[in-house]
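Reviewing the structure listed below.
The values are calculated or read from the model by the stated rules, or taken from the named source; none is laboratory data. Note that the structure is a prediction, hence the values are computed from the model and not measured. Positions of Cβ are generated from backbone atoms using ideal geometry, with glycine treated the same way; all protein chains shown enter the neighbour counts.
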DNA sequence: TACATATGGTAAAGCACCCTTTACCAAATG
DNA sequence: CATTTGGTAAAGGGTGCTTTACCATATGTA
């Protein structure tokens, strides 16, 4: 039996969990954004905006803090926040502890939009869970966390 | 016991498997590209280039076919292929069945680079597998495939 | 207190990336 | 011979950042 390195390539590529992961994430990203914007009256969210959401809350965060967490400049954050404010997703209040600073937090209509977005993700997740079962779903989550741990180290 | 919708938000967000998936994929994407380019003499691959790799082989593919698979214009593919040719990753040969067409395929030095890239992915995958075990790894792969199925439908 | 420096934020310009659009040529197809 | 198809060339546009420059408030220090 001869050994064809080309076949080995193909086999290795077909087996790559990494490609599966990237493909699944890209699909999720596109799909979630697509469904989000399909909502009538929904602002034209772009991926850059959605990356802010996990770091926003109701207590208020500084733009500087967001920039640090996302690893981008505070000016870039400022541009994205400008959109979100314009769309009514978030509002700014003065930071009571620092006259220079402002706190940005979800507005009440922003909370609704967020809720809708989370609902979309939850819907997809539920569909996956229905096929996998609870136990495999738990394993899935642990595996994802392991990947994150390995890559963040 | 009162029900605070804010707390519910936070709990729902913390539990989002979707965010885990997106985060893991983004890390993998960045990490793989970073390690790929860390190789001395490695061409300055960009994400757009790496997305071509899974669709290239040793038999040869048409640019039009690549464009169709990636869902982008053939001109866009042409630009990316121009880089890969310049970097010696791929080579073009005339399509024996069609005088207008050309087939693009991995060059021998491209095969080495590909092999190195696959090695990087395999290394990450092995590290994850070592922590999860073979069985959980299998579950992980099935879960990823399920996500893809759900979203592609 | 006065001043230098650090920090939070904004404004404007510009850049890299990744794609599209428009236009075109050459070979294949009917 | 008209039309379709594979491919190329050039220009341009949207996105998501950075860089440079600046203002206002805070903070540490002589």
Report summary line: Among the residues of the stretch A:135-147, the number that are more than 16 Å from residue B:147 (Cβ to Cβ) and more than 7 Å from chain B (Cβ to nearest Cβ) is 1
Query raised in the report: Which condition breaks for residue B:82 when tested against (1) over 15 Å from residue B:111 (Cα atoms); (2) in a helix (DSSP H, G or I); (3) under 18 Å from the mean Cα position of the chain (by Cα)?
Result: (3)
Report task. Could you tell me whether the stretch A:41-50 includes any residue that is within 15 Å of DNA strand D (Cβ to nearest atom) and more than 17 Å from residue A:117 (Cα to Cα)? Result -> no
Query raised in the report: On the given criteria, is residue A:26 modelled with pLDDT under 90 and within 30 Å of residue B:55 (Cα to Cα)?
Result: yes
Report summary line: Exception for residue B:28 within (1) within 30 Å of residue B:101 (Cβ to Cβ); (2) within 10 Å of the chain's Cα centre (by Cα) falls at (1)
Query raised in the report: Taking the stretch A:99-114, which residues are surrounded by 14 or more Cβ atoms within 10 Å (Cβ to Cβ) and in a helix (DSSP H, G or I)?
Result: A:110, A:111, A:113, A:114
Report summary line: Of the conditions (1) within 17 Å of residue A:47 (Cα to Cα); (2) away from DNA strand C (no atom under 12 Å from the Cβ); (3) in contact (Cβ under 8 Å) with a residue 24 or more places away in the chain, the single one that residue A:90 does not satisfy is (2)
Requested in this report: Please determine, by comparing only the residues of the stretch B:40-54 that are surrounded by 13 or more Cβ atoms within 10 Å (Cβ to Cβ) and more than 12 Å from DNA strand C (Cβ to nearest atom), which one is nearest to the other protein chains (Cβ to nearest Cβ).
Outcome: B:54
Query raised in the report: Restricting attention to the stretch B:64-79, which residues are over 30 Å from residue B:40 (Cβ atoms), more than 16 Å from the chain's Cα centre (by Cα) and outside any loop (DSSP other than H, G, I, E, B)?
Result: B:64, B:65, B:68, B:74, B:75
Report task. Provide a single number: the residues in the stretch A:67-108 that are within 8 Å of DNA strand D (Cβ to nearest atom) and within 14 Å of chain B (Cβ to nearest Cβ). Result -> 3
Query raised in the report: Conditions: (1) within 15 Å of residue A:131 (Cα to Cα); (2) more than 7 Å from chain A (Cβ to nearest Cβ). Residue B:150 meets all but one. Number of the miss?
Result: (2)
Report task. Give just the number: which of (1) assigned to a helix (DSSP H, G or I); (2) out of contact with any helix residue (DSSP H, G or I) (no Cβ under 7 Å at 6 or more places or on another chain) does residue A:129 not satisfy? Result -> (2)
Requested in this report: Test residue A:45 against the criterion of being part of a loop (DSSP other than H, G, I, E, B) and in contact with a strand residue (DSSP E or B) (Cβ under 8 Å, 6 or more places away or on another chain), and give yes or no.
Outcome: no
Requested in this report: Working carefully through the options B:28, B:20, find the one that is without any contact (Cβ under 8 Å) to a residue 24 or more places away in the chain, assigned to a helix (DSSP H, G or I) and within 27 Å of residue A:145 (Cβ to Cβ).
Outcome: B:20
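Can you find, within the stretch A:55-66, the residue that is farthest from residue A:101 (Cα to Cα) among those that are more than 14 Å from chain B (Cβ to nearest Cβ) and either more than 8 Å from DNA strand C (Cβ to nearest atom) or surrounded by 15 or more Cβ atoms within 10 Å (Cβ to Cβ) (or both)?
A:66
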Query raised in the report: Any idea how many residues of the stretch A:67-87 are touching a strand residue (DSSP E or B) at 6+ places or on another chain (Cβ under 7 Å) and near DNA strand C (Cβ under 8 Å from one of its atoms)?
Result: 1
